[in-house]
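Only one structure is covered here, and it is reproduced in the block below.
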């Protein structure tokens, strides 16, 4: 190639014991979950929620998140498992869907909120920020592994994977799309997290978290054009359809939460006036 590029020659696998393979993808996925849990629980405690049993909630979100991540990946790539259904449980071989994990974690948050009788929307607020840091850390492993293929580019920050064990595209210079996603999550954190508490004081529960997730989803929709994932419908990839779903949820739910808050505030003011 006659243009500038970034060469990545990193071994994606750390070690293997029998059939159990430890990869950088797996290590940074775990570190991402830990980072998301720590930030999310810290913000939840700042919101007045008792987090003494917070890791019970984290367990629900992680377990349902992993199930969701694997199920969506299997659904999208079912041809890989046809005739070998037991491979669905071979998680060490890789293959999870980020959006499946996020949606599964959202369901896990709801289960936990119902079990311990705390505000589901407070969890969403804390979890929105937690998801951003978790995704940013997790994407480091994706950059090393090269498993999410980008489209060709001649831009100076195009990457070429050359390690013989890479899951990347040897011989091609491509967009580092997962690095773009990592930058997106860090930018959203830098823009919103410093004002998280002030926004929480002025907005109803749920709005801040949905803002994180909605803006990330909008950005992810456009960044997915830099990936070679197969289209599912109307020329859109599975990640783009999931992103659109998240955007729709945020666009619909945020006005409803604001309207409900205003209605509740008005009813409370009328009750105080009646007492006076």
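For the stretch 206-220, indicate whether the set of residues that are free of Cβ contacts under 8 Å to residues at least 60 places away in the same chain, touching a helix residue (DSSP H, G or I) at 6+ places or on another chain (Cβ under 8 Å) and outside any helix (DSSP H, G or I) is non-empty.
Looking for residues that are free of Cβ contacts under 8 Å to residues at least 60 places away in the same chain, touching a helix residue (DSSP H, G or I) at 6+ places or on another chain (Cβ under 8 Å) and outside any helix (DSSP H, G or I), one finds none in the stretch 206-220, hence no.
Please go through (1) touching a helix residue (DSSP H, G or I) at 6+ places or on another chain (Cβ under 8 Å); (2) assigned to a strand (DSSP E or B) for residue 15 and return the number of the only condition it doesn't satisfy.
(1)
Hey, does the stretch 142-165 have a residue that's assigned to a helix (DSSP H, G or I), closer than 27 Å to residue 244 by Cβ, free of Cβ contacts under 8 Å to residues at least 12 places away in the same chain and within 23 Å of the chain's Cα centre (by Cα)?
So far as the stretch 142-165 goes, no, none of its residues is assigned to a helix (DSSP H, G or I), closer than 27 Å to residue 244 by Cβ, free of Cβ contacts under 8 Å to residues at least 12 places away in the same chain and within 23 Å of the chain's Cα centre (by Cα).
Give 234, 226, 221 a once-over and let me know the one that is over 18 Å from residue 191 (Cβ atoms) and loosely packed, with under 15 Cβ neighbours inside 10 Å.
234
In this structure, does residue 181 turn out to be in contact (Cβ under 8 Å) with a residue 40 or more places away in the chain, assigned to a loop (DSSP other than H, G, I, E, B) and either surrounded by fewer than 18 Cβ atoms within 10 Å (Cβ to Cβ) or under 23 Å from the mean Cα position of the chain (by Cα) (or both)?
In short, no.
Mind listing whichever residues of the stretch 223-246 are in contact with a strand residue (DSSP E or B) (Cβ under 8 Å, 6 or more places away or on another chain) and assigned to a strand (DSSP E or B)?
Scanning the stretch 223-246 gives 227, 231, 237.
So, of the residues in the stretch 249-265 that are over 11 Å from residue 203 (Cα atoms) and touching a helix residue (DSSP H, G or I) at 6+ places or on another chain (Cβ under 9 Å), which turns out to be surrounded by the most Cβ atoms within 10 Å (Cβ to Cβ)?
250
Taking the conditions exactly as written (modelled with pLDDT under 95, under 15 Å from the mean Cα position of the chain (by Cα), assigned to a helix (DSSP H, G or I) and within 24 Å of residue 61 (Cβ to Cβ)), does residue 114 satisfy them or not?
It is false that residue 114 is modelled with pLDDT under 95, under 15 Å from the mean Cα position of the chain (by Cα), assigned to a helix (DSSP H, G or I) and within 24 Å of residue 61 (Cβ to Cβ).
If residue 154 passes every condition in (1) surrounded by fewer than 22 Cβ atoms within 10 Å (Cβ to Cβ); (2) closer than 21 Å to residue 238 by Cα but one, which one does it miss?
The one condition residue 154 does not meet is (2).
The values are calculated or read from the model by the stated rules, or taken from the named source; none is laboratory data. All values derive from a computational prediction rather than experimental measurement. Neighbour counts are summed over all protein chains in view; Cβ atoms, including those assigned to glycine, are modelled from backbone coordinates with ideal geometry.
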